[in-house]
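Please treat every number below as a calculation from the coordinates, not as lab data. Here the structure is a predicted model, which means the values were calculated and not measured. Positions of Cβ are generated from backbone atoms using ideal geometry, with glycine treated the same way; all protein chains shown enter the neighbour counts.
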Amino acid sequence: MGLNITQKLIKAHIIEGKMTAGAPVAIRIDQTLTQDATGTMAYLQFEAMGVDRVRTDLSVSYVDHNMLQTGFENPDDHAFLQSVAARYGIYFSRPGNGICHQVHLERFGQPGTTLLGSDSHTPTGGGIGQLAMGAGGLDVALAMAGQPFFLKMPRVIGVKLAGALRPFVSAKDVILEVLRLKTVKGGVGCVFEYFGPGVEGLDVPSRSTITNMGAELGATTSVFPSDGITKAFLKAQGREGAWRRLKADASAGYDEVIEIDLSALEPLAAMPHMPDKVQRVKDIAGLEVRQVAIGSCTNSSYKDLMTVAAMLGGRHVAPSVSLGISPGSRQVLSMITESGGLSSMIKAGARILESGCGPCIGMGFAPPTGGVSVRSFNRNFEGRSGTKSAGIILASPETCAAAAITGVMTDPRSLGIAPVVVKIPRKYNSDDSMIIPPPPEEAVKVSIVRGPNIAPLARAERPGNEISGRVLIKTGDNITTDHIMPAGAKVLPLRSNLPKISEFVFEAVDAQFAKRAKEWGGGFVIGGENYGQGSSREHAALAPMYLGVKAVITKSFARIHLANLINFGILPLVFKDAGDYDKISQGDELVLDISDIDKPKLEDKTRGLKISVIPQLGSARDKELIKAGGALNLASGSARKA
């Protein structure tokens with residue numbers, strides 16, 4: 001049997017392991033990206049490894065998250081990031097240049113290569129045939145130091161596309177349909193690979209929307225072929241030389257196949273508070289809307305915004321609605337300006353926000369109390385917008401525009417607007433003056449700028465043969481990293497200050513958690529299904545480690561968070577019998593014997609129960625990491641020698 005695209009990409013980069021689904025493998029990483037919310041800690045970790053220069057083909061540091069400068073913290077972090085980039089051979093994308101995934105797709109992404117990013121939506125690169133994966137910042141730091149990325153060989157789910165999208169139905173509706181079918185935990189341990197005749201009708205911005213939001217499936221990544229459409233996109237970006245053809249062999253197989261008829265799709269929307277709560281827009285038509293936000297790394301391309309501009313042309317935003325638009329990059333902003341799209345949106349009453357993540361991570365443009373906000377974003381977790389009582393609905397740019405015009409949820413096909421066709425430009429603006437390349441020889445002379453908010457690194461202690469402590473918190477299913485470590489304008493500026501940011505761990509779930517963890521001297525966390533889904537933010541493991549969390553016991557884990565826990569020396573375990581979850585309560589005194597880490601023994605002293613648990617350590621390396629107290633302890637010496 002031939003190889004599919006995923007298998008070809010992994011085979012070309014594998015360093016150790018066997019390409020058997022579920023088996024541990026290590027792969028070489030060609031490119032890395034970081035963003036400023038995760039990058040400061042990633043570069044502090046990279047510095048601690050003692051490596052003189054990055055060892056990847058290309059590494060880029062983006063500033064796109066923490067751009068709301070209400071104090072010195074964010075600009076200080078930006079200065080630190082720029083100086084680190086110059087010192088260690090990293091490209092630096094300045095504030096205002098755009099969202100990391102949009103810019104990387106435009107200016108750096110390359111078919112057939114591997115990309116590891118400290119942001120869960122790094123799979124955007126799969127839209128051009130790149131094996132692009134999100135990971136914690138420490139994994140990215142290790143990759144920059146020349147070390148491989150460790151993961152389990154994924155199952156490959158083939159998504160066969162047939163037909164063609166009808167007017168006012170777009171790529172966002174495709175990925176919402178996949179989420180409806182597979183749910184937010186249906187992609188754990190999998191890559192979604194798109195194939196079939198329907199692929200030919202999807203341009204690169206559409207493909208990248210689909211791969212971007214594939215992160216909400218819990219997938220390792222998603223990928224499309226690199227074909228003539230990919231080549232035309234890269235040529236228009238002035239990067240035709242980066243193109244290479246990449247397709248599955250004719251005899252390739254998949255572990256599972258989903259078939260979607262694009263012609264049969266309708267406008268869809270994900271209801272609060274989870275991306276898989278998908279309904280047809282026509283079934284929720286008439287629901288009052290108070291705010292609309294269009295942008296994010298999912299839907300902020302030139303094509304997306306020019307479609308919105310055409311729909312708004314000659315019309316006005318409803319009096320009850322505030323419309324905010326965030327262009328994905330400086331390139332997009334300049335092109336919609338030159339083409340008249342920006343003027344059309346402004347005349348319609350839109351507020352033009354900065355080219356950055358902004359509202360998607362609760363960094364400004366929060367909805368009103370109890371209001372419905374319709375967003376072309378990728379996540380609608382409770383409180384992520386900055387307003388806990390708001391109802392966030394995820395939808396396509398077309399559906400967002402329809403809601404902005406009418407003030408209620410509206411199927412865009414019912415507006416009576418002529419179908420909008422936005423052609424991909426023959427040539428994109430390619431002004432890279434906001435990307436600073438690293439200096440060559442004199443890099444060692446660069447002084448690293450460190451503001452007062454940048455605190456020293458913290459490391460986990462090596463565990464003994466026994467872990468004891470109380471249950472600090474017991475959570476339900478689908479706890480996200482937003483629940484564990486909130487984002488937003490209040491918390492994000494503290495990303496480089498672990499003592500301060502740790503005060504906010506589980507704040508949205510239990511505001512007393514940090515205080516209790518300190519008073520009880522650390523302990524255990526108990527969770528339900530799909531614990532840690534969502535953002536790659538390693539602070540959701542790093543800050544609990546700082547507060548003394550030694551082990552997390554759940555029914556199941558999300559991929560990136562599981563890796564982050566191991567990286568920071570927190571032992572992840574699952575209940576052998578899911579029913580045992582109900583037997584443990586917050587405050588219980590637990591004793592965990594790990595003298596044999598493969599067969600840990602857990603006892604609930606409070607209730608006199610012995611509970612069977614299974615360690616979620618997929619490889620000998622994972623066990624080493626736990627015994628060493630985390631990856632940083634293990635890697636510091638080996639990185640210098642490499």
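Could you tell me which of 545, 10, 380 has its Cα farthest along the dipole of the chain towards the positive end, charges placed at Cβ (Lys, Arg +1; Asp, Glu -1), taken about the Cα centre? Going by the Cα projections, it comes out as 10.
Work the Kirkwood hydrodynamic radius out for region 268-415: mean of 1/r over every pair of different alpha-carbon atoms, inverted, in Å.
Numbers: mean 1/r = 0.0682 Å⁻¹.
Kirkwood radius, region 268-415: 14.7 Å.
Computed from point charges on the beta carbon alone (+1 for Lys and Arg, -1 for Asp and Glu), the dipole magnitude for the chain about its Cα centre is near 420 Debye.
Altogether, the Stokes-Einstein calculation at 37 °C and 0.692 mPa s, with the Kirkwood radius of region 5-264 over Cα pairs as Rh, returns a diffusion coefficient of 176 µm²/s.
Provide, as a two-decimal number, the C-alpha radius of gyration of region 466-628 over 2.2 N^0.38 Å, N being how many residues it has. Provide the component values of the computation, followed by the final result.
Working: Rg = 14.6 Å, N = 163, 2.2 N^0.38 = 15.2 Å.
The value comes to 0.96.
Of 121, 316, 78, the sequence from fewest to most neighbouring Cβ atoms within 10 angstrom is 316, 78, 121.
Among beta bridges from DSSP that stay inside region 3-128, the antiparallel ones total about 20%.
Which pairs in the list 185/231; 18/601; 18/474; 172/247; 18/550; 388/515 are over 27 Å apart, alpha-carbon to alpha-carbon? Listed pairs above 27 Å: 185/231; 18/601; 18/474; 18/550. For region 384-481, the dipole from Cβ point charges (+1 on Lys and Arg, -1 on Asp and Glu) about the Cα centre works out to 180 debye, to the nearest 20.
Report, for the chain, the % of DSSP beta bridges that are antiparallel, rounded to 5. Numbers along the way, then the final one.
Working: 33 of 90 bridges.
Of all bridge pairs located within the chain, approximately 35 percent are antiparallel.
About its Cα centre, region 292-390 has a charge dipole of approximately 120 debye under the convention of +1 per Lys or Arg Cβ and -1 per Asp or Glu Cβ, with nothing else charged. Computed on the Cα trace of region 14-164, the radius of gyration divided by the Kirkwood hydrodynamic radius gives Rg/Rh = 1.01. Sorting the segments 354-362, 265-273 by their residues' average number of neighbouring beta-carbon atoms within 10 angstrom, most packed first, yields 354-362, 265-273. Need the C-alpha centroid separation for region 467-517 versus region 9-57, integer Å. Going from one Cα centre to the other spans 27 Å. The GluC sites (Glu not before Pro) found in region 410-475 that occupy coil by DSSP, while having at most 14 further C-beta atoms within 10 Å, are 461.
Each of 447, 630, 428 was placed along the dipole of the chain (beta-carbon charges, centred on the mean Cα), and the one lying farthest toward the positive end is 428. Evaluating kT/(6 pi eta Rh) at 20 °C and 1.002 mPa s, with the Kirkwood radius of region 125-276 over Cα pairs in the Stokes-Einstein relation, gives 132 µm² s⁻¹. Averaging the Cα positions of each part gives two centres, and for region 348-390 and region 228-245 these lie 34 Å apart. Reported to the nearest whole Å, the Cα centre-to-centre distance from region 595-625 to region 58-83 is 40.
At 222 nm, what value in deg cm²/dmol follows for the chain if DSSP H runs of at least 4 each add -39500 (n - 2.57) and the sum is divided by all its residues, to the nearest 500? Show your work: numbers first, answer last.
On the way: 20 runs with 179 residues, N = 642.
After summing the helix terms and dividing by residue count, I get -8000 deg cm²/dmol.
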